[in-house]
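So the structure is just underneath, and the comments pick up after that.
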2 protein chains.
Amino acid sequence: MEKEELVFKNYLVSHGLKYTPERKIVFDAIISFSGHFDADTLYESIRRNKGKLSRATVYRALPHFIATGIVKESLRFEGRTHYEKSLGTEHHDHLVCLGCGKIIEFKDEKIEELQNKVCKKYSFKALDHKLGIRGYCKTCQKK
Amino acid sequence: MEKEELVFKNYLVSHGLKYTPERKIVFDAIISFSGHFDADTLYESIRRNKGKLSRATVYRALPHFIATGIVKESLRFEGRTHYEKSLGTEHHDHLVCLGCGKIIEFKDEKIEELQNKVCKKYSFKALDHKLGIRGYCKTCQKK
DNA sequence: ATTGAAATTGAGAATCAATCTCATCAATAA
DNA sequence: TTATTGATGAGATTGATTCTCAATTTCAAT
């Protein structure tokens with residue numbers, strides 16, 4: 001079993017939950033994804049490749065993947081919550097193009113530091129953050 | 001007519017839209033708000049104070065207020081989109097407490113500058129951005 | 001003031017993501 | 001084996017938001 005799978009299994013077991021075949025299917029699907037996805041895209045890809053699995057099961061599994069850090073909520077977009085793999089993925093923020101929907105990932109260490117400073121100032125214990133900059137990418141600016 | 005109202009009216013007229021009594025009612029309600037609100041809170045407050053107005057009218061008016069810069073989308077929270085007045089309000093970002101729901105506003109000039117730098121790097125034309133840090137406030141950390 | 005084109009409104013229906021229900025299954029421990 | 005507890009599937013439900021459409025209002029041009 002790969003490390004990520006073990007992490008997931010351990011999380012489940014230590015919380016009195018079970019590592020079921022269905023959850024393994026969802027796990028595999030997530031691992032095979034690169035880039036962003038939403039719950040329904042995930043569900044559809046499973047349906048196409050591995051046969052049936054309830055939509056509810058996918059929705060129910062997602063919070064567990066988030067809890068283990070295998071998946072992260074990324075942005076809200078087009079009315080849906082989008083996710084991304086976060087194991088093996090560095091934290092990053094997003095530039096979202098309103099023209100073509102393209103998402104550019106970036107990371108700025110200094111911004112992160114300054115955020116920590118802000119939290120300290122307010123005695124705020126941060127768990128995570130989301131920075132999304134909306135606008136137009138190079139290509140879309142021309143149109 | 002106050003300046004904000006004029007801004008709103010001019011925006012409407014110049015876009016072939018009309019400054020109707022209903023939109024004025026929504027305008028007044030927004031102006032009288034301080035802090036964050038969501039579409040339904042806005043609708044309810046109008047109902048209580050000024051009698052009837054369709055929920056759809058409120059929802060339909062919001063994009064126009066956003067377009068004029070009178071209102072800004074602030075955060076998505078508890079399944080709803082939250083808004084805030086932005087005329088007379090400086091841009092700021094948010095610390096969101098997952099314990100009590102409190103929202104602390106902050107602004108860090110250096111973070112803003114660094115964001116501009118990132119955009120420049122990717123030739124990205126930014127319209128707006130949203131930075132939300134989730135965690136626990138001082139009070140909730142103790143529990 | 002009247003007309004007509006275009007925008008607006010209200011009320012409820014429709015959408016759509018996300019969550020919940022509940023009866024049935026499966027796994028583990030006693 | 002049985003009891004307990006968690007998990008699943010399928011569909012119903014929720015709740016925010018958007019849409020529909022007939023009726024009304026606005027405004028510019030008669």
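Read the figures in this text as sums done on the coordinates, not as results from a lab. Since we're looking at a predicted model, the values are computed, not measured. Cβ: placed from backbone, ideal geometry, glycine included. Neighbour counts: every protein chain shown.
Observations, loosely collected:
- Computed from backbone phi, the HN-Hα couplings of the range B:9-14 come to 4, 4, 4, 4, 4, 5 Hz, rounded to whole numbers (Karplus: 6.51 cos²θ - 1.76 cosθ + 1.60, θ = phi - 60°; Gly and Pro given as x).
- Average other protein chain Cβ within 10 Å of Cβ, residues A:59-67: 0
- Each eigenvalue of the Cα gyration tensor of the range A:1-104, multiplied by 5 and square-rooted, gives one semi-axis; in descending order these are 24, 16, 11 Å.
- Mean separation of Cα contacts under 8 Å (6+ apart) over length of chain B, as relative contact order %: 19
- Peptide B:129-140 is shielded by partner chain Cβ atoms: per residue, an average of 6 of them sit within 10 Å of its Cβ.
- When you count the other C-beta atoms within 10 angstrom of each residue and take the mean per peptide, A:119-129, A:25-35, B:129-139 line up highest first as B:129-139, A:25-35, A:119-129.
- Cα-based helix-to-principal-axis angle, B:55-68 vs chain B, degrees rounded to 10: 70
- A DSSP coil position with no more than 16 other Cβ atoms inside 10 Å describes the following GluC sites (Glu not before Pro) in the range A:62-143: A:Glu78, A:Glu90.
- Set of aspartates and glutamates near B:Lys9 by C-alpha distance (under 15 Å), chain-local residues within fewer than 8 positions excluded: B:Glu22, B:Asp28
- For q = 0.10, 0.11, 0.13 Å⁻¹, Debye-computed log10 I/I(0) when each Cα of the protein assembly as shown counts as one equal scatterer: -0.68, -0.82, -1.08
- For the range B:56-95 versus the range A:66-106, the gap between their alpha-carbon centres in whole angstrom: 23
- Cα gyration tensor, the range B:93-142 - rounded (a/c under 1.5), prolate or oblate: prolate
- Shortest-first distances to equivalent copies, position A:Cys100, nm, label 7 Å out along Cβ: 4.7
- Proximity of backbone amide H atoms, modeled 1.01 Å from N, is registered between B:Ser86 and B:Val71, B:Lys72 at under 5 Å, excluding neighbours fewer than 5 places apart on the same chain.
- Helix-only CD estimate at 222 nm, as mean residue ellipticity for the protein assembly as shown, using -39500 (n - 2.57) per DSSP H run (n ≥ 4): -14500 deg cm²/dmol
- Relative to the longest principal axis of the Cα atoms of chain A, the long axis of helix A:109-121 makes an angle of roughly 90 degrees.
- Spacing of the two label points (7 Å from each Cα toward its C-beta) at A:Ala39 and B:His36, in nm: 2.1
- Per-residue shielding of B:75-82, expressed as the average number of other chain Cβ atoms within 10 Å of the residue Cβ, stands at 1.
- In a reduced charge model with +1 at each Lys and Arg Cβ and -1 at each Asp and Glu Cβ, chain A shows a dipole moment near 340 debye about its Cα centre.
- Computed over all pairs of different Cα atoms, the Kirkwood value for the hydrodynamic radius of the range A:48-123 is 15.2 Å.
- Cβ charges +1 (Lys, Arg) and -1 (Asp, Glu), total dipole of the protein assembly as shown, debye: 500
- Between helix A:39-50 and chain A: long-axis angle, C-alpha atoms, 0 to 90°, nearest 10: 40
- With label points defined 7 Å past Cα in the direction of Cβ, position B:Glu78 shows copy-to-copy spacings of 3.0 nm, given to one decimal and shortest first.
- Calculated label separations, A:Glu112, copies of the chain, 7 Å along the beta-carbon direction, nm: 2.5
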